[in-house]
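The values are calculated or read from the model by the stated rules, or taken from the named source; none is laboratory data. Just so you know, these numbers come straight off a predicted model, no measurement behind them. As a convention, Cβ positions derive from the backbone with ideal geometry for all residues, glycine included, and neighbour counts pool all protein chains shown.
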Amino acid sequence: MPTPTPLPASGGTIPEAAAPHSERAFRMRQTEEFMDAHELDGLLIFGADRSDRYDAGQYLFRDRRYQHYVLPRHGEPTMVAFAAQVAAQHQLSRERGLETWIDDIRVGSAPELLPAIAHEKKLGRGRLGVIGAGYGSPFYPGGWVSKPVWDAISERLPEATLVDVTRDYGLVMARRSDEDLAHIATAAAAGDAAIEAMMALARPGVDETELYAEGVATMMRKGMRVTWMLFQTGLDNYAWGEPTWLTRPEPSRKLERRDMVWAEIFPNYAELNTHVNMSFTLGEPPAETARCAEVARASYEAGVAAVRPGATFGEVCAAMEVPLTESGMWHLTPQFASLNPLLSGGGSALGIREHVDAFAETYPHADGHARPFFDFEIRPGMTFSLQPDARSGRSGAIVGGVVAATESGCREFNTVSTRLNTVDV
């Protein structure tokens, strides 16, 4: 795939939201200032299939995910939808008196329609920012536009200057309004409610599938989009990820006395994503598990203290490592992640080769990484997941919660998930 012309990380000053607040005007104003600062005549926006990670089109127009757009600096935007059902749903919303943010919806092949629309809007010789062809997150380090699509569009826009702005525009999206932060609070609360529901159900003999279903159902009853949970059980468990019975045909596990439940929960409200990491035990935790929980909580508190405007993402990661380093512990998952969009995550799997028997021998090429995927300055309105994971050998505990940078510090959104919980059995 030809590499678009890179830009240095920059951006204009993002204004405070007008009063009374118009979310659409706020987002569009940020985008217009971004285009001015980068001398762009317009944007070509490629939809992503995971809006919790990055979907600029959904951010700008609050419509269906995974649609594509042409947005001129001066003029009306156009959506290229995958099917007529997108337009039908849009029209029905209008008939019901609901707010919509885009008028021109067309259906067809993106490689053909996007260049045609760009020419129609007199952008064929312009400087166009491309969103989706460069770094978008640790999951999309090279973007999400396929080579055949990119080649077809490039051929149809031979006189345009195509500039990758994926990463830089992600930093614009990351500065959320007070309205968005209220929605994030709703999502974070749904995560805490899911934990409480799972704890109420957890007893020896309860199947993992029952707990998982209860957590998901609780969030859905609160109006969340729920894609999945990372979910593990067992005190002697150094793994992480979704339960393997979702991946391959195998039996789920039943809880035992003095057991442990671990999860990372992703309630998504108004396409604003949260990561709520948590663990709880059935009965009082063993001494080593309790010690891990204390270290994880210390790491969480270090993160809360470090999230400040002007600090960098990497500085928060480093601060959260200190309690683990001082305690001789390791962690499998990142301690810190940016949200909305998920632009970066901290180091992970630090120490697994030394602390888990035979791991290094069995998987000689499975290494962790120490540094963040992408470092940037924290600014007010940015949202993050603090998700400290403290492990001693095969014991461990995970706590966490969603936070946002404010003008003066850090706002916490979760209460239940920020400490190791116990269930009386």
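Taking the range 102-121 as the region of interest, how many residues are charged (D, E, K, R), within 19 Å of H74 (Cα to Cα) and touching a residue at least 24 places away in the same chain (Cβ under 8 Å)?
Looking only at that region, the number is 3.
Let's see how each residue does on (1) among the β-branched types (V, I, T); (2) free of Cβ contacts under 8 Å to residues at least 24 places away in the same chain:
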position: M220; (1), (2): no, yes
position: T233; (1), (2): yes, no
position: D236; (1), (2): no, no
position: L246; (1), (2): no, yes
position: K254; (1), (2): no, no
position: A263; (1), (2): no, no
position: A270; (1), (2): no, no
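Does V216 fit the bill of being in a strand (DSSP E or B) and either among the hydrophobic types (A, V, I, L, M, F, W, C) or in contact (Cβ under 8 Å) with a residue 40 or more places away in the chain (or both)? Against the criterion (in a strand (DSSP E or B) and either among the hydrophobic types (A, V, I, L, M, F, W, C) or in contact (Cβ under 8 Å) with a residue 40 or more places away in the chain (or both)), V216 does not qualify.
Taking residues in the range 188-210 that are in the same structural domain as K254 (by TED's automatic domain parsing), and partners anywhere that are part of a loop (DSSP other than H, G, I, E, B) and of a type in the set (A, V, I, L, M), the pairs with Cβ atoms closer than 7 Å and at least 6 places apart or on different chains are A190/M224; A202/L255; R203/L255; R203/V425; P204/L255; P204/V425; G205/L255; V206/L255.
Residue count for the range 249-294 under the criterion of being of a type outside the set (S, T, N, Q), under 15 Å from R394 (Cα atoms) and out of contact with any Phe, Trp or Tyr (no Cβ under 6 Å at 6 or more places or on another chain): the result is 11.
Taking (1) in contact with a Gly (Cβ under 7 Å, 6 or more places away or on another chain); (2) under 18 Å from L171 (Cα atoms); (3) modelled with pLDDT of 95 or more in turn, F373 satisfies each apart from (3).
Here E315 qualifies as in the same structural domain as A200 (by TED's automatic domain parsing), on the phi < 0 side of the Ramachandran plot and within 24 Å of the chain's Cα centre (by Cα). Could you name every one of the helices (runs of 4 or more DSSP H) located completely within the range 28-130 that has at least 3 residues being hydrophobic (A, V, I, L, M, F, W, C) and buried (at least 16 other Cβ atoms within 10 Å of the Cβ)? The qualifying helices (runs of 4 or more DSSP H) are 56-61, 110-120.
Conditions tested, residue by residue: (1) part of a loop (DSSP other than H, G, I, E, B); (2) over 19 Å from the mean Cα position of the chain (by Cα); (3) outside the structural domain of A182 (by TED's automatic domain parsing).
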position	(1), (2), (3)
A360	no, yes, no
R371	yes, no, no
S385	no, no, no
A390	no, yes, no
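What about R96, is it over 14 Å from L128 (Cα atoms) and either among the β-branched types (V, I, T) or at pLDDT below 95 (or both)? No; evaluated as a whole, the condition is false for this residue. Screening the range 307-332 for residues that are in contact (Cβ under 8 Å) with a residue 60 or more places away in the chain and either hydroxyl-bearing (S, T, Y) or in a helix (DSSP H, G or I) (or both) and picking the one that is surrounded by the fewest Cβ atoms within 10 Å (Cβ to Cβ) gives T312. Between A270, A349, A337, which is closer than 27 Å to V226 by Cα, small (G, A, S) and in contact with a Leu (Cβ under 6 Å, 6 or more places away or on another chain)? Matching residue, one of A270, A349, A337: A349. Just checking, does the range 397-405 include any residue being buried (at least 17 other Cβ atoms within 10 Å of the Cβ) and part of a loop (DSSP other than H, G, I, E, B)? Taking every residue of the range 397-405 in turn, at least one turns out to be buried (at least 17 other Cβ atoms within 10 Å of the Cβ) and part of a loop (DSSP other than H, G, I, E, B). The set of residues in the range 284-306 that are crowded, with 17+ Cβ neighbours inside 10 Å and in a loop (DSSP other than H, G, I, E, B) contains only P285. Criterion applied to V165, V172, V216, V226 was being modelled with pLDDT under 95 and under 20 Å from the mean Cα position of the chain (by Cα), and the one residue passing it is V226. Screening the candidates L342, L350, L332, L324 for the property of being closer than 18 Å to I184 by Cα and aliphatic (A, V, I, L, M) yields one hit, L342. With respect to D192, determine if the residue is acidic (D, E) and within 16 Å of E264 (Cβ to Cβ). Yes: the conditions hold for D192.
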